[in-house]
Structures are given as structure tokens and as C-alpha cells.
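Asks: Before I ask anything, here is the structure I am working with.
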Amino acid sequence: MTVNNRPGVLNRITGLFTKRHYNIESITVGHTEIEGISRMTFVVNVEDERTAEQITKQLNKQIDVLKVNDITDQAIVARELALIKVAVNPTVRQEIYTLIEPFRASIVDVSRDSLVVQVTGEPEKVEALIDLLKPYGIKEVARTGTTAFTRGSQKTAASYKTPFII
Amino acid sequence: MANMKVEEKRQQRTKMSGALMLIEALKAENVEVIFGYPGGAVLPIYDKLYDSGLFHVLTRHEQGAIHAAEGYARISGKPGVVIATSGPGATNIVTGLTDAMMDSIPLVVFTGQVASNVIGSDAFQEADVLGITMPITKHSYQVRDIQELPKIIKEAFHIATTGRPGPVLIDIPKDMTTAEGEFDYEQDVHLPGYQPTIHPNHLQIRKLVEAVSQAKKPVILAGAGVLHADASKELQQYAEQQHIPVIHTLLGLGGFPADHPLFLGMAGMHGTYTANMALYECDLLINIGARFDDRVTGNLKYFAPNATVAHIDIDPAEIGKNVPTKIPIVSDAKEALKELIHQDGKRPDTTAWLAQLAEWKTKFPLAYQNDAQTVKPQKLIEMIYELTNGEAVVTTDVGQHQMWAAQYYKFNKPHRWVTSGGLGTMGFGLPAAIGAQLADKNATVVSIVGDAGFQMTLQELSVIQELNLPIKVVIVNNQSLGMVRQWQEIFYEKRYSHSLVPNQPDFVKLAEAYNIKAFRAKTEEEARHVLKQAFSLSEPVLLDFHVKADENVYPMVAPGKGLHEMVGVKSCEESLQ
Ligand SMILES: Cc1ncc(C[n+]2csc(CCOP(=O)(O)OP(=O)(O)O)c2C)c(N)n1
Ligand SMILES: [Mg+2]
């Protein structure tokens with residue numbers, strides 16, 4: 001959704017989620033191409049379509065909210081970035097390099113006993129890489145949360161499923 | 001001519017302080033009265049108020065100010081304006097903001113704030129008022145640039161009064177009240193994120209017309225949305241055109257004449273038998289400007305189980321929120337009703353339905369057993385109704401007396417009823433009466449309050465006396481937190497935990513201490529006598545009625561039950577016994 005970039009607007013939105021008892025999985029916020037307007041992407045787990053509709057309507061009621069789009073059912077490009085710090089010793093270092101390659105992930109920091117992997121992609125892909133790295137010993141993970149766009153052409157309309165993205 | 005315009009513009013744009021801008025903006029908005037309370041952070045504003053010519057009412061507590069503003073808004077249809085200082089002044093209005101938010105009352109509230117450069121440092125009388133009030137306002141602002149102030153005030157009035165009305169708060173750091181800027185109040189409001197839908201969708205209207213024509217048991221549930229839209233006339237016209245009976249929510253009372261044959265009474269927890277049964281039995285439910293509050297619907301599982309639901313509301317988020325809705329109509333109530341009347345659809349055949357409802361109405365009316373040796377609270381309300389010819393403005397507090405007032409004062413006209421519905425705020429009734437009286441100087445204003453709730457804001461008697469407002473304060477004194485006592489009697493085995501208050505102050509003496517005339521009554525005859533006396537006086541009077549203390553409000557739908565599971569319904573014959 002797009003919002004006026006005013007002081008407190010994030011507070012307003014997250015406050016609304018708390019007030020209405022909705023759980024946020026992730027939020028991303030950033031500037032759009034228009035000055036003064038930000039894009040927020042939320043991933044929210046909901047039980048049914050009615051709840052999704054209610055969230056959309058409540059968000060729309062906010063004066064600073066310009067446009068809300070529930071893109072759960074639409075063809076979308078969704079991306080997340082994660083930094084994963086993995087414990088390594090010299091013997092497994094090469095193994096990790098090979099392992100992350102199909103993910104088109106990269107190593108962005110290396111130290112004696114750890115390295116930091118950076119991966120970008122759909123949340124499932126990020127999830128899969130984290131799973132694969134777990135056995136080596138993950139020290140820290142930082143994820144940005146999902147940001148998303150609808151695709152230029154809408155071919156497929158997937159059936160309704162959670163999580164719900166706005 | 002053109003030159004004059006330019007000259008005017010130039011003059012308007014002369015530099016002035018933020019405090020003066022506020023005054024000028026209030027004048028431009030034709031604000032008749034401000035309710036407020038000064039303090040450090042708003043001293044520059046109060047200084048400019050001093051010789052502004054604006055009428056300011058100094059209530060004795062900020063909560064009093066905001067409830068008075070609510071009462072004013074309810075009766076005048078204009079936004080109530082409040083000023084409170086930073087910190088404790090602002091936190092004292094939190095209850096009123098929530099109340100106004102719940103009941104869709106238009107308010108523009110100014111709070112002082114510590115100076116911009118110390119915000120966030122826990123300065124003296126600093127409170128994060130923006131943070132605290134975000135979920136309880138329709139919108140809020142903090143002024144960060146003096147040049148923005150006129151625009152903010154203009155937007156605030158626009159937002160408070162359009163669409164679904166509500167409270168808007170403007171938090172003004174002290175330095176913003178002294179900083180100077182150009183005052184331009186001519187600008188248009190431009191809010192791309194706020195475009196309320198006023199006109200109904202034609203297709204949905206057609207759907208409703210079709211559904212009505214097919215219905216056998218249609219019913220209209222009308223809420224305060226009808227009053228906000230000033231659509232009482234249209235509601236009556238539509239109901240009569242289509243022969244559809246009308247039920248009101250607590251807040252909607254007065255939207256449809258209570259003595260109209262199509263009126264079934266109030267719905268919900270203490271609604272009439274006929275209204276609740278009609279909601280249970282109907283096959284088409286047309287909700288106009290009500291939000292299906294749980295006190296109206298009872299257990300949703302049993303709510304209107306056989307009905308197609310249509311919902312006309314200016315707030316799209318209310319449609320489908322609690323009750324699945326087949327025909328959603330986002331619109332101003334008046335516009336939608338006008339369109340429905342214009343469509344003049346095929347009348348449904350409601351003869352059998354109306355006959356059934358009429359039978360229920362005669363068989364199961366609201367009833368109580370009178371006892372002239374005491375003052376029965378229901379009788380008391382009926383007497384007030386009689387003696388005011390049903391034309392008074394009635395404000396109430398919250399509790400049993402509120403329900404009795406709703407049940408037994410028959411409102412035939414709109415905008416005569418002021419009560420706290422959604423939040424159920426004790427302490428609302430007395431200050432609300434001040435605002436109501438200021439909104440309609442010629443009205444007979446009766447403030448019906450409980451002995452407990454009265455004590456939450458009784459300091460406002462000072463204002464009533466000072467302004468010589470001829471309000472009649474009626475204390476329904478059952479020496480208890482009556483509604484709490486009733487629940488404890490019914491649901492907690494009569495374990496009256498902290499609900500009996502036998503050691504009340506002497507309310508008559510208390511009123512006298514405020515220089516207000518006061519009378520007490522303990523029997524029906526005394527009650528009638530003092531009421532007559534009070535209504536003959538054009539000055540404030542407080543009346544302390546010692547009513548029968550263990551009286552309960554019936555009928556009642558217990559929490560968790562369906563509307564059809566009312567208890568305490570007596571048939572006519574039974575209640576005469
Ligand atoms: C501020 C606030 N506190 C508590 C309540 C809960 N409450 C609802 S009704 C009631 C009793 C009110 O007693 P009184 O004012 O004497 O009215 P009565 O029910 O006796 O007519 C209470 C405590 C409330 N509604 N508001
Ligand atoms: Mg009481």
C-alpha cells in the first residue's frame with residue numbers, strides 16, 4: 001500500500017493492527033518514485049477472506065493511506081533479502097560456497113570462524129537456504145521482510161491462500 | 001473590485017502568531033463556543049482568546065469540557081471544539097475522545113504540547129499525546145511548522161464533520177503558538193487519501209429494491225447514521241412508502257417517531273420484545289447507519305438467522321464487519337434513502353407481518369409494576385416525558401437509568417437524545433447537558449443521571465450555575481451502581497461486590513453548595529410535585545429521586561444469548577397482576 005510519508009504514519013498503521021488484533025508477519029517500508037509517498041508491504045496471516053477484507057477496509061480509512069492493494073491472489077513479484085551468519089571452519093568453507101551457488105547468494109563478509117551469506121528472493125527460497133545452512137551452525141539471521149509488486153501482466157490468479165500480502 | 005480582493009488577500013496573509021491563527025481559524029469556522037481548560041502550554045492561546053470575542057466555557061475538569069463538546073455536537077450538528085493543556089490536561093480528555101470515536105461525534109480538539117525542542121526529553125507536563133490518542137481519533141496532527149497550522153486546522157474541521165464523523169486532534173507545541181507565519185485560510189482541502197463515498201451505487205440500490213419487493217418480513221434497523229445524515233424525514237417517507245417497520249438502536253432513537261405505528265422500539269440487550277423478535281424472525285434486514293454493535297445483536301449465531309442483510313453505511317469498514325451482508329451500500333443515509341424513495345419499488349406484501357408485530361406490541365409491551373409508595377424509576381421517566389410533552393432534550397449517564405430513559409421517554413423528534421452508547425461512559429450525562437443546552441438555548445434540557453455516575457463529573461454544576469443554564473438534573477438515586485448490582489443479582493448469585501453505596505452525600509445540600517435549587521422526592525406524589533416545580537422554573541434545578549433500589553431493567557438479553565432469548569418479558573395480563 002502507499003501512504004503519505006508523514007511523522008507517525010508507521011505508528012498509525014501498526015497501531016491499527018494491534019487494535020484490531022491482527023498479527024503482522026513482516027513489514028517493509030521505503031520511498032516510492034513520488035516524493036512524500038512511501039510504499040509499505042505487509043505480510044499478515046489471516047483466517048479467512050472476511051478478515052482480509054476487514055483489514056483492507058480499516059487501512060483504507062486512515063487519512064494518510066492513499067491506496068491499499070490486497071495482492072495475495074494476484075501474480076506478484078515478491079522479494080526478501082536475508083543476511084545469514086554461518087559458523088565455519090576451513091574444512092567446510094568450500095562446501096558452503098558450492099551449496100549457496102544455485103541460490104545465487106553471495107558471501108559478503110568472511111572472518112576466521114564465520115562468514116555472512118546474502119540472499120535475495122522469494123521468502124520460500126530464503127527459507128530453503130536457511131534450512132540448508134542450519135547444520136553448519138547459524139549464528140545470526142537478519143531478514144528484511146517481503147516487499148512486493150503486482151506483475152505487469154496478470155495471467156494467473158492463484159486461489160486464496162494465507163499469508164496475505166498488502 | 002478585483003483590487004479589493006487582492007487587498008483582502010494581502011491583509012489575510014499578514015503575519016500572525018500561531019495562537020492568533022487558531023483564533024482566526026475558529027472564527028472562520030463560525031465556532032460559537034469553545035470548551036476548555038488552560039495551562040502552561042496553551043497560555044499563548046488563552047492570551048489571544050482573552051479579547052477575541054469568542055465564547056469560551058471554562059469547565060471544571062477537561063473530561064467535562066470534552067463531554068460538553070460532545071453534547072453540543074449532538075444537538076447542534078456542528079463540531080464541538082475543545083482546548084486542553086499538555087500532559088495532564090490532554091490525558092484528561094482521553095475518555096471523551098474514545099467516546100466520540102465510538103459514537104461518531106465530530107470534535108476538533110486542540111492540545112498544548114511542550115516546546116518542539118524539548119519534545120522527547122520527558123519535559124514538565126509532557127505526554128506523548130499523539131501516540132496515546134492515535135487509536136481513539138479519526139485523525140490527528142502535531143504541528144511541526146507554523147506555516148502548516150492553518151491548513152491543519154482546516155483539514156481537521158473537514159475530516160471531523162464529513163464522511164463518518166469523529167474526533168480530530170491537533171497537538172500544538174508551545175513554540176508553535178508564538179511563532180509567526182502567514183495566515184491563509186482560503187485554501188481548499190486536498191486529501192487524496194480521504195474521499196468518503198456519499199452517493200449509493202445504483203446497482204446495489206436496484207438489488208435492494210428487488211429484495212424489498214420479494215420480502216415477506218422486512219424490517220429496518222436504523223442507527224445514529226440516520227441522525228448524522230439528517231435523514232429522519234426520508235426514513236419515515238421510505239418506511240411509509242414500502243410499509244416496512246422500523247427498529248432503532250440506542251443511539252438512533254428519535255430518528256423515527258416513537259409513536260408511529262410502524263415503530264417497534266429499541267433493539268438489543270434491553271430492547272422491546274417486538275423489536276428483538278422482529279430481528280430474529282425477519283427475512284430482510286435493512287440496516288441504515290448502525291454498526292451491528294454486540295449490545296444490539298446479542299449472540300451473532302442467532303442474529304437474524306433467516307434474513308437477507310442489506311447495510312447502508314457511510315463507513316465501508318462497518319459493512320460485513322460483524323454480520324455477513326448480501327447487499328452492501330456505501331453511502332450517506334439521506335442520499336441512499338432519497339434514491340430508494342425515488343425508485344418507488346414494488347411494495348412488499350407485509351400485511352401478515354405487520355399484523356403479527358402489532359399483536360406482539362399489544363401483548364408484550366414494555367411493562368413494570370408501579371408502586372406509588374416509592375418512586376419507580378420507569379414511572380419517573382414517564383412523568384418527565386409527560387411534563388415535558390415529549391419535547392425535552394434528554395441527556396443521560398450510563399447504567400440502569402439510561403436504559404429506562406431509552407425505554408420510557410418516547411422520542412418523536414430527532415436530535416433530542418444524547419447518550420454515551422459505544423463506550424458507555426459514566427460521567428457523560430451532566431457535562432453533555434451543558435453542551436446540549438448551549439446548542440439549543442430554548443430547549444428544556446433534562447439530564448438523567450445515576451447517583452454514581454453523577455459523582456464522576458458533578459463539579460460541572462459550577463458551570464451550570466455560572467451560566468445559569470436552566471438544566472434539570474434528575475438523579476435516579478438507587479444508592480447503588482445499579483447496573484452492576486443487577487448483573488451481580490442475576491449472574492453472580494447476589495454477591496453484591498462493591499456495588500451498594502448506601503452512604504451517598506446529601507445531593508440536595510450539595511446542589512445548594514453550588515447555589516443551585518434542589519428538591520428531593522421519595523414517593524410518586526412527591527416526585528410529580530417537585531418535577532412540576534422544577535419545570536416551572538427557568539433556572540437550573542437538581543432533583544434527587546430516591547427510587548426503588550432493587551429494581552431491574554427488563555427485558556434483558558443475557559450476554560452470549562440470542563435476541564429471542566430475552567428474559568423478563570411479561571405479557572400484558574401478567575404485568576397487570
Ligand atoms: C467510567 C465507568 N466506570 C465503570 C463503568 C461500569 N458501569 C456501568 S453502569 C455502572 C453503574 C452506574 O451506577 P449509577 O450511575 O448509579 O447508575 P444506575 O445503574 O444505578 O442507574 C457501572 C459502574 C462505566 N460504564 N463507566
Ligand atoms: Mg445508581
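Asks: Kindly list, by first and then second residue, each pair from a residue in region A:1-12 that is facing chain B (nearest Cβ under 7 Å) to a residue that is of a type in the set (A, V, I, L, M) and open to solvent by 30 Å² or more (accessible area, probe 1.4 Å), limited to pairs with Cβ atoms under 8 Å and residues at least 6 apart or on different chains.
Replies: The qualifying pairs are A:N4/A:I37; A:N4/A:L66.
Asks: Right, here's the next one. State all residues of region A:16-33 that are within 13 Å of chain B (Cβ to nearest Cβ) and either touching a residue at least 12 places away in the same chain (Cβ under 8 Å) or of a type outside the set (D, E, K, R) (or both); if no residue qualifies, say none. Reasoning before the result, please.
Replies: Applying the first criterion (within 13 Å of chain B (Cβ to nearest Cβ)) to region A:16-33 yields A:16-21.
The answer is A:L16, A:F17, A:T18, A:R20, A:H21.
Asks: A follow-up question, please. Step by step: first the residues of region A:48-73, then only those that are closer than 16 Å to B:P196 by Cβ and part of a helix (DSSP H, G or I), then the one that is nearest to the other protein chains (Cβ to nearest Cβ). Which residue is that?
Replies: A:K57
Asks: Hey, can you tell me all the residues within region B:497-525 that are open to solvent by less than 60 Å² (accessible area, probe 1.4 Å), within 11 Å of ligand 1 (Cβ to nearest atom) and among the hydrophobic types (A, V, I, L, M, F, W, C)?
Replies: B:V501
Asks: On to the next question. Please go through region B:447-496 and pick out each residue that is within 15 Å of ligand 1 (Cβ to nearest atom) and in a strand (DSSP E or B).
Replies: Within region B:447-496, B:S447, B:I448, B:V449, B:G450, B:V473, B:V474, B:I475, B:V476, B:N477, B:S480 meet the criteria.
Asks: Can you give me the number of residues within region B:431-449 that are under 12 Å from B:K472 (Cβ atoms) and in contact with a His (Cβ under 8 Å, 6 or more places away or on another chain)?
Replies: Total meeting the criteria: 2.
Asks: Does B:F428 satisfy being surrounded by 19 or more Cβ atoms within 10 Å (Cβ to Cβ), within 16 Å of ligand 1 (Cβ to nearest atom) and touching a residue at least 60 places away in the same chain (Cβ under 8 Å)? Quick ask: steps written out before the conclusion?
Replies: Numbers: surrounded by 19 or more Cβ atoms within 10 Å (Cβ to Cβ): yes; within 16 Å of ligand 1 (Cβ to nearest atom): yes; touching a residue at least 60 places away in the same chain (Cβ under 8 Å): yes.
Yes: the conditions hold for B:F428.
Asks: Taking the criterion of being within 13 Å of ligand 1 (Cβ to nearest atom) and either more than 14 Å from every other protein chain (Cβ to nearest Cβ) or not small (G, A, S) (or both), would at least one residue in region B:382-395 satisfy it? Working first, answer last.
Replies: From region B:382-395, those within 13 Å of ligand 1 (Cβ to nearest atom) are none; that's our starting set.
No, every residue in region B:382-395 fails to be within 13 Å of ligand 1 (Cβ to nearest atom) and either more than 14 Å from every other protein chain (Cβ to nearest Cβ) or not small (G, A, S) (or both).
Asks: Does B:D315 count as open to solvent by 10 Å² or more (accessible area, probe 1.4 Å) and among the acidic types (D, E)?
Replies: Working: open to solvent by 10 Å² or more (accessible area, probe 1.4 Å): no; among the acidic types (D, E): yes.
Considered against the rule, which asks whether it is open to solvent by 10 Å² or more (accessible area, probe 1.4 Å) and among the acidic types (D, E), B:D315 comes out as no.
Asks: What number of residues within region A:76-133 are open to solvent by 80 Å² or more (accessible area, probe 1.4 Å) and among the polar types (S, T, N, Q)?
Replies: Adding up the residues that qualify gives 3.
Asks: Hey, any hits in region B:165-178 for a residue that's under 26 Å from B:I434 (Cα atoms), within 15 Å of the chain's Cα centre (by Cα) and open to solvent by 10 Å² or more (accessible area, probe 1.4 Å)? Break it down stepwise before answering.
Replies: From region B:165-178, those under 26 Å from B:I434 (Cα atoms) are B:165-171; that's our starting set.
Still in the list and also within 15 Å of the chain's Cα centre (by Cα): B:165-167.
Subset that is open to solvent by 10 Å² or more (accessible area, probe 1.4 Å): B:165.
Within region B:165-178, one or more residues are under 26 Å from B:I434 (Cα atoms), within 15 Å of the chain's Cα centre (by Cα) and open to solvent by 10 Å² or more (accessible area, probe 1.4 Å).
Asks: A further question follows. Restricting attention to region B:336-365, and to residues there that are of a type in the set (A, V, I, L, M) and under 33 Å from the mean Cα position of the chain (by Cα), which single residue is surrounded by the most Cβ atoms within 10 Å (Cβ to Cβ)?
Replies: Looking only at region B:336-365, we keep the residues that are of a type in the set (A, V, I, L, M), and these are B:336-337, B:340-341, B:352, B:354-355, B:357-358.
Add one more test, that the residue is under 33 Å from the mean Cα position of the chain (by Cα), and what stays is B:336-337, B:340-341, B:354, B:357-358.
Values: B:A336: 31, B:L337: 28, B:L340: 24, B:I341: 16, B:L354: 16, B:L357: 21, B:A358: 14.
My answer is B:A336.
Asks: Still on this structure, I have one more. Counting just the residues of region B:478-493 that are under 23 Å from the mean Cα position of the chain (by Cα) and open to solvent by less than 50 Å² (accessible area, probe 1.4 Å), which one comes out farthest from ligand 2 (Cβ to nearest atom)? Before you say what the answer is, go through the steps one by one.
Replies: Our first condition is that a residue be under 23 Å from the mean Cα position of the chain (by Cα); within region B:478-493, this holds for B:481-484.
This time we only want the ones that are open to solvent by less than 50 Å² (accessible area, probe 1.4 Å), so: B:482-483.
On the way: B:G482: 4, B:M483: 8 Å.
Ranking the candidates gives B:M483 first.
Asks: For region B:356-377, indicate whether the set of residues that are within 20 Å of B:F256 (Cβ to Cβ) and hydroxyl-bearing (S, T, Y) is non-empty.
Replies: yes
Asks: Taking helices (runs of 4 or more DSSP H) that do not extend beyond region B:229-301, which have at least 3 residues that are touching a residue at least 24 places away in the same chain (Cβ under 8 Å) and open to solvent by less than 20 Å² (accessible area, probe 1.4 Å)? Spell out the reasoning first.
Replies: Details: elements: B:232-242, B:273-281, B:294-297.
Filter on region B:229-301 gives B:232-242, B:273-281.
Asks: Hey, another quick one. Restricting to region A:34-47, and then to whatever is open to solvent by 30 Å² or more (accessible area, probe 1.4 Å) and part of a strand (DSSP E or B), can you tell me which residue is farthest from the other protein chains (Cβ to nearest Cβ)? Show your work before the answer.
Replies: Filtering region A:34-47 down to residues open to solvent by 30 Å² or more (accessible area, probe 1.4 Å) leaves A:34-37, A:39, A:45, A:47.
When the remaining residues are screened for being part of a strand (DSSP E or B), the result is A:37, A:39.
On the way: A:I37: 10, A:R39: 14 Å.
Ranking the qualifying residues of region A:34-47, first place goes to A:R39.
Asks: Considering only residues of region B:366-393 that are open to solvent by less than 40 Å² (accessible area, probe 1.4 Å) and farther than 12 Å from B:Y408 by Cβ, which is farthest from the chain's Cα centre (by Cα)?
Replies: The selected residue is B:T374.
Asks: What single numbered condition from (1) more than 24 Å from the chain's Cα centre (by Cα); (2) surrounded by 14 or more Cβ atoms within 10 Å (Cβ to Cβ); (3) assigned to a loop (DSSP other than H, G, I, E, B); (4) away from ligand 1 (no atom under 12 Å from the Cβ) fails to hold for B:A549?
Replies: Going through (1) more than 24 Å from the chain's Cα centre (by Cα); (2) surrounded by 14 or more Cβ atoms within 10 Å (Cβ to Cβ); (3) assigned to a loop (DSSP other than H, G, I, E, B); (4) away from ligand 1 (no atom under 12 Å from the Cβ) one by one, B:A549 breaks only (4).
The values are calculated or read from the model by the stated rules, or taken from the named source; none is laboratory data. Every value quoted in this text rests on a predicted model; they were computed, and no experiment measured them. Quick reminder, even Gly has a Cβ in these numbers, built from the backbone with ideal geometry, and neighbours come from all protein chains shown. Surface areas here come from the heavy atoms of the whole protein model, side chains and all, with no ligands, DNA or RNA. Shrake-Rupley method; radii C 1.70, N 1.55, O 1.52, S 1.80 Å.
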